[in-house]
Structures are given as structure tokens and as C-alpha cells.
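Structure record follows, encoded as C-alpha cells.
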Amino acid sequence: MTRPSLAAASDRFALRLPPMPWRDRAGRFSPFKAATLALLIVPGLWIVSGLLLGRYSALATEYLIEETGAWGIRILMLSLAVTPLRRIVDWAPVMQVRRMVGVAAFVYLALHLVAYILDQKFDLVRVATEIALRTYLTIGFVALALLTALAATSTDAMIKRLGGRRWRLLHKAAYLIGALAILHQSMQFKLPEFEPTLLGALYAWLMLWRALPARFEVGRSPVRLAILSLAVAALTMLGEAVWIALAAGVDPRMVLAANFDFEYEFRPAWFVLAAGLATAGVAAVRGTFRMVRRAPVH
């Protein structure tokens, strides 16, 4: 057989293989998808290692509940960042892992519920009662129920059955799920904790990015990305100050001032600003490369 014939035969064989998360649509092994899958598994391995090594033997179920929930929300935020990342870095393959990341978020959050049921000694009546009576549990359960629907319809067969328009409309529920998941996490604390505040700020950045009209070209404009990041950082500082003022009666000006006291720690607003400015920097570099490629050769 000639070399092209061998390649064609290899492609036909790859298409007959069962679908696996580390293969591309042509059935070939994808290093990028395989690396993404490995990174998504790492938090699970870390959680299991903590249990096996007995570091949390006295509070094993509490540790399992906390870690699976935290990683589920982190990965959920990552899934919402895929589309903006694709537009900013101008690299199409990143879209190949969006479904994988979303399903991984579902798996971790489903394990979060299983861990809670385990903590309640598999008393399903008590679990259902707690979910119905505790607002933050109700919110978390609604988020997981919606995410289950998205995970169940994430296959090519379901996309074909629902039709592209209805499928896209259904999967816009991911935006609501993200908000509910962060609210669920935040409501467990009387005062704003670092991670829920940071995730809330990142969520606000991602949603504002999507909400801005296309004419602003925020997806590729470094200046507009920087302005968006500054605005979200300012809103994060203000929101944190208002929340603490309402919850603890602290003067909001003191909380705002704490954001500029770097002796002990950096507040969440600075991290979201750094991440936003980094994306602006990436957009600037990509824009420079595009200009160089398009420049006429003399």
C-alpha cells in the first residue's frame, strides 16, 4: 500500500474505535485532550490520596464533601472560561475540551452530593428534608439538577435529537448553574471568604465579557479587556465592602482600605485583575502576530 493509502486506512480504523475522551472527532489520539483529561483527574487523585494516607481520618466525610464541592465549582468556572479563552487566544482546538471540562464539573459535584448522603448515613428522607428546608442546600441541589440535564445531553446523539438551536438554548443554563453554585458556596459563610469571593469575581468577568455588545470587540481588544478587568476588580472591592458592612456592621471604608494593605495578603479583587490583565496581554501578543502575518513581504 502507498503512504496515502495507509493513512486513509488508519483514519478509517480510528473512526471505528469507540469514542474516548482522549480522541479527536476523527478518532485519532489527541495529546491536548489527553493532557486536559489527566489534569481534570488530578484533583480526584489528590482527594483520594488524602483519604488513603489518613490525613483526614477523623473528618473524612467532611473533607470529601468540601473538596469535591470546591473542585466541582472551580472546574465549572473553567468550563465557562473556554469560549472567552478560544476567542482571546484565537486557538480553535481549545473548544474540543469544553464538553469534557463540563462533564468533569458534573462528576465532582455529583460526588459532592454522594459524600453528603454518606455523611447522613444514607438516610435519604433526612437528606431530602435538609435539602428542602435549608436554602443553601436547595440552591445547590437545583444547580446540580440542571447540570445533570446538561451532562445527559452532552453527546453528539443528543445534540442531533434536540437540534442545534434547542441544544444551545438548553446549555445556556450553564450561566445560571455557575451563579447558583457560587451562591450555594457563599451562603455557608457569614462573611465573605476568599475563594467564593474570587470565584464570584471571575464569574462576573466571564458574564460581562459575554454581555458586552459585539461592536466592542472585547474578545480581542487588549484595551477593552483591561478596562473590563479594572471594572470587575473595582466591583469586587465594593461588593465585598458592602457585604461585610451589612453582615458585621463594619465601616465599608475600612474594608475598601484593606484591599490596599498588602502587608498580610492580597484580596480577591487583585487576583481577578491580574488574571484579566494577563488575558489582555495575551490578546495583545496575538494581535501583534496577526499583524505580522498579514504584513506584505517586500
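The values are calculated or read from the model by the stated rules, or taken from the named source; none is laboratory data. Quick caveat, the model's predicted, so the values are computed rather than measured. Neighbour counts are summed over all protein chains in view; Cβ atoms, including those assigned to glycine, are modelled from backbone coordinates with ideal geometry.
What tally of residues in region 24-40 results from selecting those that are within 21 Å of I75 (Cβ to Cβ) and free of Cβ contacts under 8 Å to residues at least 12 places away in the same chain?
4
Which residue, of R126, R86, R98, is among the basic types (K, R) and over 26 Å from K33 (Cβ atoms)?
Going through R126, R86, R98 in turn, the sole match is R126.
Filter region 274-297 down to residues that are within 25 Å of the chain's Cα centre (by Cα) and at pLDDT below 90, then give me how many there are.
Result for region 274-297: 5.
Answer yes or no as to whether T129 is outside the structural domain of T288 (by TED's automatic domain parsing), hydroxyl-bearing (S, T, Y) and under 26 Å from F189 (Cβ atoms).
For T129, the condition - outside the structural domain of T288 (by TED's automatic domain parsing), hydroxyl-bearing (S, T, Y) and under 26 Å from F189 (Cβ atoms) - is met.
Are any residues in region 175-191 within 16 Å of V232 (Cβ to Cβ) and buried (at least 21 other Cβ atoms within 10 Å of the Cβ), and if so, which ones?
Those that are within 16 Å of V232 (Cβ to Cβ) and buried (at least 21 other Cβ atoms within 10 Å of the Cβ): G178, I182.
Scan region 61-79 and give yes if some residue there is outside the structural domain of G200 (by TED's automatic domain parsing), among the polar types (S, T, N, Q), over 24 Å from L199 (Cβ atoms) and over 16 Å from the mean Cα position of the chain (by Cα), otherwise no.
So far as region 61-79 goes, no, none of its residues is outside the structural domain of G200 (by TED's automatic domain parsing), among the polar types (S, T, N, Q), over 24 Å from L199 (Cβ atoms) and over 16 Å from the mean Cα position of the chain (by Cα).
Of the numbered conditions (1) crowded, with 16+ Cβ neighbours inside 10 Å; (2) within 20 Å of R86 (Cα to Cα); (3) not assigned by TED's automatic domain parsing to the domain that holds T153, L208 satisfies every one except a single condition; which is it?
Of (1) crowded, with 16+ Cβ neighbours inside 10 Å; (2) within 20 Å of R86 (Cα to Cα); (3) not assigned by TED's automatic domain parsing to the domain that holds T153, only one is false for L208: (1).
Pairs only if they're at least six apart or on different chains, beta carbon under 7 angstrom, first in region 230-259 and farther than 10 Å from P192 by Cβ, second among the basic types (K, R) and surrounded by 14 or more Cβ atoms within 10 Å (Cβ to Cβ); list them, first residue then second.
Note: pairs meeting the criteria are A258/R267; N259/R267.
Which of (1) surrounded by 14 or more Cβ atoms within 10 Å (Cβ to Cβ); (2) in a helix (DSSP H, G or I) is the odd one out, the single condition M254 does not satisfy?
(1)
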